[in-house]
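Undergrad: There's a structure below that I have some questions on.
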Amino acid sequence: MKIHKYDTVIVGAGGAGMRAAIEATKRSRTAVLTKLYPTRSHTGAAQGGMAAALANVEEDNWEWHTFDTIKGGDYLVDQDAAEILAKEAIDAVLDLEKMGLPFGRTENGTIDQRRFGGHSRNHGEAPVRRACYSGDRTGHMILQTLYQNCIKEGVEFFNEFYVLDQLIVEVNGVKRSAGVVAYELATGEIHVFQAKAVIYASGGTGKFFKVTSNAHTLTGDGQAACYRRGLPLEDMEFFQFHPTGIWRMGILLTEGARGEGGILRNKDGERFMEKYAPVMKDLASRDVVSRAIYTEIREGRGCGPEGDHVFLDLTHLPPEQLDAKLPDITEFARTYLGIEPYTDPIPIQPTAHYAMGGIPTNVEGEVLSDNTTVVPGLYAAGEVACVSVHGANRLGTNSLLDINVFGRRSGIAAAEYSAKADFVELPENPAELVEEQVERLRNSTGTERVAELRKELQETMDANVMVFRTEQTIKTAVEKIGELRARYKNVSVQDKGKRFNTDLLEAIELGNLLDLAEVMAVSALARKESRGGHYREDFPNRDDVNFMRHTMAYREVTGEGEDAKDSIRLDYKPVVQTRYQPMERKY
Amino acid sequence: MATPVLDKAEAEDTASPYITATFRIRRFNPEISDEATWEDFQVEIDPKERVLDALHKIKWELDGSLTFRRSCAHGICGSDAMRINGKNRLACKTLIKDINPEKPITVEAIKGLTVLKDLVVDMEPFFQAYRDVMPFLVTEGNEPTRERLQSPEDRERFDDTTKCILCAACTSSCPVFWNDGQYFGPAAIVNAHRFIFDSRDEAGEQRLEILNDRDGVWRCRTTFNCTDACPRGIEVTKAIQEVKRALITRRF
């Protein structure tokens, strides 16, 4: 075991982590721990754009953007946070441009903007061009630009270090962060990083679904580390299903395709979104479009021999426009489906895409241990966090925005905190939990296989807690997850070595997914209403009287040692409302 | 005999999409042996799936110790560059049907970088070369309040080289790099190109001087391996030629 000491430690090197690192490195001695090389992070998979009311191509302002974000989130958004997001969006885009990001340009040389789902002029009158983009690889360019600027600033990276535990110490009755414990992939060595401030920026949890746009590595490691140490997880029942994933594979095809004029069609060639969203049509918010697609499929208007998908039609767009604006996604269709998008429509289905919920934070990125109490020295930003700016459903282009605005904010806040705070003394045997976990898995002779359990988890999640949910399906999932968690205790790995033991790490990642899937399902079961990405067929309406509140899920442990049992306790937190009264949501 | 066509059609309808393919993988684990060896795995798989899917099938069902890097699984993160049937490719962008699954499919680590375990190589020298070309925008004077202006034509000038995902498929396909690890390699030059030809940047001269070095662009022998290997379709050799030309004319 090695012990390191840094002022600020950042967990994760995607957009949020690197945006935070650029700020934190300027102000404090900072280390970034990342389980991947930074440029492998899934920010790079984001395609369509980053929203900001620059008003470069038509009238726009940040107040309209705030409203769209709140309405898009089905009024579960904390409105003070949404206002910050929309207001600071403009500088966030300009900062990236100054860092070198090659945005698409207008004829005047300013940053060009395109339409995107749920973004509207004057509170829903018509779609507005608000998304700043770089072809259909905006996330790639953000990730590259931030990495380039990390090199420029001399950010210190620990690549292929998996953070597996968050150290929390109670000092004078206050829970404080003492640091993190990490596992080094190359050597199998365990490292303790003592730090005054820790920022989680480790991304989402999408791999508990089968059809997902998420990378294999998105296993909720940060959420799980905090949750296991008694910190709550907020709004985990809200997961976004992106309408246009490649059929069966789930690979993302950007909403920008519809922003450029692409149309969704059923087997009769009908532009079915006109029925569901007369004004915004194909550019309604993602939850609305995904439900519409599955409604078409369920009512027998799906395409293909099994009627299990619909088409994204780009054939009416000029090939030059597809080449210039959507080169990557058209290539995905060619590579993975053998389909030429110039002439043929692309088969698509909704794909698990984004966790709206996560580690609760305030607008400075400070992590909360209950509805109001801050954990001094602990921060979170990006998909791992829940501020909440996305509420029950995130708007497209608001996640690339979120990572930049709240990555920056948490980087500054954490470094300013570590400049004045002292180190919290490490607990005795700080690496104990991780050492025990790693040794148990390495030495286990159990008969359960990681891949089999993961497959069963993904199948039950797809079948039971996807776009449409009922009490019965969620209960089925809860039961199945419980069974899988029990079987997980009997899991073993084949690779017993220390060097690059990805077999072992996949087992640990599965443990994280199982814990988080259970939180998600239990939170979903208790929310007896439909709101944003959480749709209950048995409770199809939004219920502001009983459920205008955030879910807070806590892990409770009873008993000790072998007899220890854990369960989930649900609590609720009020939604911050400032100027927008909840209204019925129509697109 | 009377209805051979129908019979054939029926046979096709019921035929399994799965085939049995042999993956011949270069294994190396210094915890077990100093020697690398070839190992064959038989996999039942739909040929429309990716080589990465086959590697996962092997790891998840046959041998958990098989080690490779991967993340996004659709060709944008750059983790899984490897030598497949002797050619550098991304395992997640290569469909099995496209690489003749009738014969054993060979999979080995990319060349020119130290193999650490199975298909995992030491990427550090690769990223060091990238860092050495100053891969970030350098500007002088006061920053504007709004964005810097750039015409669509100026933006288009370096579009191709912004696509790079740093997978190292190009650099590790280059014979010059194999023979001499000191050579910057195509990927670093591509990323220098991305800034040299960006109208907003003011450090082009400095980058050109770095690449004018003994281990710089002049080592390129224009074999086009890099262009063939690039999974993003970047015209790598052309970018290197443009940097060479800029060095001679000092115009960019």
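Undergrad: Rg/Rh for chain B: what does it come to with C-alpha atoms and Rh from Kirkwood?
TA: Numbers: Rg = 22.3 Å, Rh = 20.4 Å.
A ratio of 1.09.
Undergrad: How compact and how long is the stretch A:432-543, expressed as Rg and Dmax of its alpha-carbon atoms in Å?
TA: 16.7, 53
Undergrad: Work out which helices of chain B, taken as complete DSSP H runs, extend at least 18 Å along their axis over the Cα atoms and score a mean Kyte-Doolittle of 0.0 or more, then list them. Please report the intermediate quantities before stating the final value.
TA: Numbers: long enough: B:236-249 (20 Å, 0.29).
Result, helices passing both filters: B:236-249.
Undergrad: Work out how much length residue B:16 to residue B:139 would gain on full extension: take 0.36 nm times their residue separation and subtract the Cα-Cα distance, in nm to one decimal.
TA: Numbers: separation 123, 0.36 × 123 = 44.28 nm, distance 5.97 nm.
Residue separation times 0.36 nm, minus the Cα-Cα distance, leaves 38.3 nm.
Undergrad: As a test of the formula, what do you get for chain A when each DSSP H run with n ≥ 4 contributes -39,500 (n - 2.57) and the sum is divided by the residue count, at 222 nm and rounded to the nearest 500 deg cm²/dmol?
TA: Working: 16 runs with 198 residues, N = 587.
Per the formula, -10500 deg cm²/dmol.
Undergrad: Let me ask something additional. Listed here are the pairs A:35/A:498; A:275/A:475; A:87/A:196; A:2/A:489; A:2/A:35; which of them are more than 25 Å apart at the Cα?
TA: The answer is A:275/A:475; A:87/A:196; A:2/A:489.
Undergrad: Which helices, taking whole DSSP H runs in chain A, have alpha carbons extending 18 angstrom or more along the helix axis plus mean Kyte-Doolittle at least 0.5? Kindly include the intermediate steps, with their values, before the conclusion.
TA: Working: long enough: A:15-27 (19 Å, -0.33); A:79-99 (29 Å, 0.15); A:138-153 (22 Å, -0.20); A:398-420 (33 Å, -0.03); A:450-464 (21 Å, -0.85); A:471-488 (25 Å, -0.74); A:502-526 (36 Å, 1.10).
The answer, listed by residue number, is A:502-526.
Undergrad: Could you tell me whether the protein assembly as shown comes out rounded, prolate or oblate from its Cα gyration tensor? Rule is a ≥ b ≥ c as square roots of the eigenvalues, rounded for a/c under 1.5, then prolate if a/b exceeds b/c, otherwise oblate. Provide the component values of the computation, followed by the final result.
TA: Values: a/c = 1.11, a/b = 1.10, b/c = 1.01.
Judged from the Cα gyration tensor, the protein assembly as shown comes out rounded (a/c under 1.5).
Undergrad: I'd like the mean, over residues of A:95-104, of how many other protein chain beta carbons sit within 10 Å of each residue's own Cβ.
TA: Working: counts 2, 1, 7, 8, 2, 11, 3, 11, 3, 4.
If you average over the peptide's residues, the count of other-chain Cβ atoms is 5.
Undergrad: How many angstrom lie between the Cα centre of the stretch B:191-211 and the Cα centre of the stretch A:289-368?
TA: About 37 Å separates the Cα centre of the stretch B:191-211 from the one of the stretch A:289-368.
Undergrad: If we count other beta carbons within 10 Å of each Cβ, what is the order of A:241, B:252, A:209, fewest first?
TA: On the way: A:241 28, B:252 20, A:209 24.
Lowest to highest Cβ neighbour count: B:252, A:209, A:241.
Undergrad: What is the spread of the Cα atoms of the stretch B:59-141 along each of their three principal axes, largest first, in whole Å?
TA: Principal-axis extents of the Cα atoms in the stretch B:59-141, largest first: 61, 26, 23 Å.
Undergrad: Mind grabbing the base-10 log of I(q)/I(0) for the stretch B:16-121 at q = 0.11, 0.16 Å⁻¹? Debye formula, identical points on the C-alpha positions, no solvent, two decimal places.
TA: Rounded to two decimals, the profile gives -0.30, -0.65.
Undergrad: Additional query: Suppose a student asked you for the relative contact order of the stretch A:432-543, using Cα pairs under 8 Å spaced at least 6 residues apart; what percent would you report? Walk me through the numbers on the way to the answer.
TA: On the way: 127 pairs, mean separation 36.7, N = 112.
Taking the mean separation of contacting Cα pairs over the length of the stretch A:432-543, I get 33 percent.
Undergrad: How do B:100-113, B:156-169 rank on mean C-beta neighbours within 10 Å, highest first? Can you show the working numbers first?
TA: Details: B:100-113: 18.2, B:156-169: 22.9.
Put in order of decreasing packing, that is B:156-169, B:100-113.
Undergrad: Note the per residue figure in Å³ for the convex hull of the C-alpha positions in the stretch A:264-352. Provide the component values of the computation, followed by the final result.
TA: Details: hull volume 9.9 nm³, N = 89.
It comes to 111 Å³ per residue, whole-number rounded.
Undergrad: Hey, another quick one. Provide the FRET efficiency to the nearest 0.05 for the residue A:476-residue A:558 pair, computing r from the beta carbons and using R0 = 25 Å.
TA: Working: r = 26 Å, r/R0 = 1.02.
Between residue A:476 and residue A:558 the formula returns 0.45.
Undergrad: What does the charge count near residue A:457 come to, summing +1 for each Lys or Arg and -1 for each Asp or Glu among other residues with Cβ under 14 Å from its Cβ?
TA: -3
Undergrad: How many Cβ atoms of partner chains, on average, are near each residue of B:140-153 if near means within 10 Å of its Cβ? Mind showing how you got there, number by number?
TA: Working: counts 0, 0, 0, 3, 3, 1, 8, 15, 7, 6, 7, 5, 8, 2.
Across B:140-153, the average partner-chain Cβ count within 10 Å equals 5.
Undergrad: Let me test this: with uniform point scatterers at the alpha carbons of the stretch A:200-359, what is the Debye-based log₁₀ I(q)/I(0) at q = 0.12 1/Å?
TA: Log-scaled intensity ratios, in q order: -0.56.
Undergrad: For residue A:544 and residue A:3, what does the FRET efficiency come to when R0 = 45 Å and r is the distance between their Cβ atoms, rounded to the nearest 0.05?
TA: Values: r = 50 Å, r/R0 = 1.12.
In this case the efficiency is close to 0.35.
The numbers here are math on the coordinates, done by the rules we state, and not lab data. Computed from a predicted structure; not experimentally measured. Backbone-built Cβ (ideal geometry, glycine too); neighbour counts: all protein chains shown.
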